[in-house]
Every structure is written in structure tokens, then in C-alpha cells.
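> A single structure is presented below for examination.
The values are calculated or read from the model by the stated rules, or taken from the named source; none is laboratory data. These numbers come from a predicted model, not from an experiment. Here the Cβ positions follow ideal geometry from the backbone for every residue, glycine too, while neighbour counts run over all protein chains shown. Please note that ligands, DNA and RNA were not included when accessible areas were found on the heavy atoms of the full protein model with its side chains. Shrake-Rupley method; radii C 1.70, N 1.55, O 1.52, S 1.80 Å.
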Amino acid sequence: MTERQPRSATATRARILDAARAQFGADGYDRTTMRSVAATAGVDAAMVVRYFRTKEALFAEAATFELDIPDLTHVPPERIAEVLMPRFFQVWEEDGTFLALMRAAATNAAAATTMQQVFATQVAPALAAVSPDRYAERAALVGTQVLGLVFARYILAVPPLAEMTHEQLVRWVGPTLRRYLTEPLD
């Protein structure tokens, strides 16, 4: 006879969030349901409702993540991409949360707001460390490059972009990031 494991609200909630992150990452916001998350987590759908109330609230919490952008304060301008891009690759390739958020942001206001918050609270302040002026505009321009790269490479899988190595992408994207962040604006 197997011993029954004690129930833990914390463990159940964590299992639900793990299942939600996986499903939002694989299936996107629209195709993920609270019932499917519950089934994956091995709980009744009522438990998902109990802990998160709505699909939007579940998504908002599942889509929360830390980019952990390295300190760029003493990074020479020509090395910015070498320092930033490996962290971005790690987030894009190892954490389905970001890609799920990216997919959902185009059609869901809550996802778009979450993406804007990540940008405003994590990306822009980190980039301000290497920008001589007009931090917000410069960070927004970097955002266009980085988000475009994510969308084209990981969501649309545009060849040959999807086939490029990390090193090739750093070499191609690096000068643009450096220009956006450090070159004088006329």
C-alpha cells in the first residue's frame, strides 16, 4: 500500500502555475483553457478557479518573470550585444513564458500590459546605464529590434534567421543595438 502524500496548497498552486506556463508557452493564450491547465496539473478545474479566479489572472501570474539583465554600467559600447544577447537567448529558448507573452500581447490587452511592464521595469532601466541621453526613446528603439528578432526567429521561424547561430546574430544585431543606445542623436 502506497503512502498518501499530504496536500499542500503551496505545492498545488505551484503545479498549476507550472502547467499554465507550459500550456501558454506551447498553445498560446487563446487555446489554453483553465480546464486544460487543471488536467495537466492533475487537479480539478475548481482548484484553478479557487487560486486564480480567471484565466486572465492565471495568465498574468504565469507570465511574470525576471529577465535578470546584466549590469551594463561598465560595458564598452562595442560589447553591449555580447553581454545582452546571451541573456535574451536564454530567456527566449529556455523559458516558454516570454514567447507565450509575446504571442498573446498582439491580441490580449492584459498580455500587452504585462509585456509593457517588463519593458518599463526591467529592460529600460538596465539600458539607461549605457545611454548618454533620451533613455526612453533609445530603449524603445532597442525594443523594436529585439522584439522583431524574437517574433521573426522564434514565432514565425523565418529562414535563414531561424537557422543563424547565436554568434551570427550577435554580430549582425550588435551594431544596431550599439547605435541605438550610444550614438549621438542629431
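> Has the range 83-103 got at least one residue that is farther than 24 Å from residue 18 by Cα and of a type in the set (Val, Ile, Thr)?
Among the residues of the range 83-103, at least one is farther than 24 Å from residue 18 by Cα and of a type in the set (Val, Ile, Thr), which makes the answer yes.
> Give me the pairs, please: first residue somewhere in the range 42-56 and under 19 Å from residue 8 (Cβ atoms), second residue anywhere and open to solvent by 60 Å² or more (accessible area, probe 1.4 Å) and hydrophobic (A, V, I, L, M, F, W, C), beta-carbon distance under 6 Å, and either six or more positions apart or on two chains.
Sorted first by the residue in the range 42-56, then by its partner, the list stays empty.
> Follow-up. Is there a residue in the range 40-61 that is touching a helix residue (DSSP H, G or I) at 6+ places or on another chain (Cβ under 8 Å), open to solvent by 70 Å² or more (accessible area, probe 1.4 Å) and not β-branched (Val, Ile, Thr)?
yes
> Before we move on, is residue 135 among the aromatic types (Phe, Trp, Tyr), open to solvent by 30 Å² or more (accessible area, probe 1.4 Å) and under 30 Å from residue 9 (Cβ atoms)?
no
> Is it true that residue 79 is within 19 Å of residue 22 (Cβ to Cβ), open to solvent by 50 Å² or more (accessible area, probe 1.4 Å), basic (Lys, Arg) and in a helix (DSSP H, G or I)?
For residue 79, the condition - within 19 Å of residue 22 (Cβ to Cβ), open to solvent by 50 Å² or more (accessible area, probe 1.4 Å), basic (Lys, Arg) and in a helix (DSSP H, G or I) - is not met.
> Hey, can you tell me all the residues within the range 154-186 that are open to solvent by 80 Å² or more (accessible area, probe 1.4 Å) and assigned to a helix (DSSP H, G or I)?
Across the range 154-186, the qualifying residues are 163, 167, 171, 172, 179.
> Modelled with pLDDT of 90 or more and part of a helix (DSSP H, G or I): which single residue out of 118, 142 fits that description?
Just a single option satisfies the conditions, and that option is 142.
> Now a separate question. Does residue 107 satisfy the criteria of being closer than 28 Å to residue 27 by Cβ and in contact with a Lys or Arg (Cβ under 6 Å, 6 or more places away or on another chain)?
Taking the combined requirement at face value, the residue does not satisfy it.
> Are there any pairs, at least 6 apart or on different chains, whose C-beta atoms fall under 6 Å, with the first in the range 107-133 and closer than 22 Å to residue 184 by Cβ and in contact (Cβ under 8 Å) with a residue 24 or more places away in the chain and the second in a loop (DSSP other than H, G, I, E, B) and open to solvent by 60 Å² or more (accessible area, probe 1.4 Å), and if so, which?
Once the first residue is closer than 22 Å to residue 184 by Cβ and in contact (Cβ under 8 Å) with a residue 24 or more places away in the chain and sits in the range 107-133, its partners that are in a loop (DSSP other than H, G, I, E, B) and open to solvent by 60 Å² or more (accessible area, probe 1.4 Å) give 129/73.
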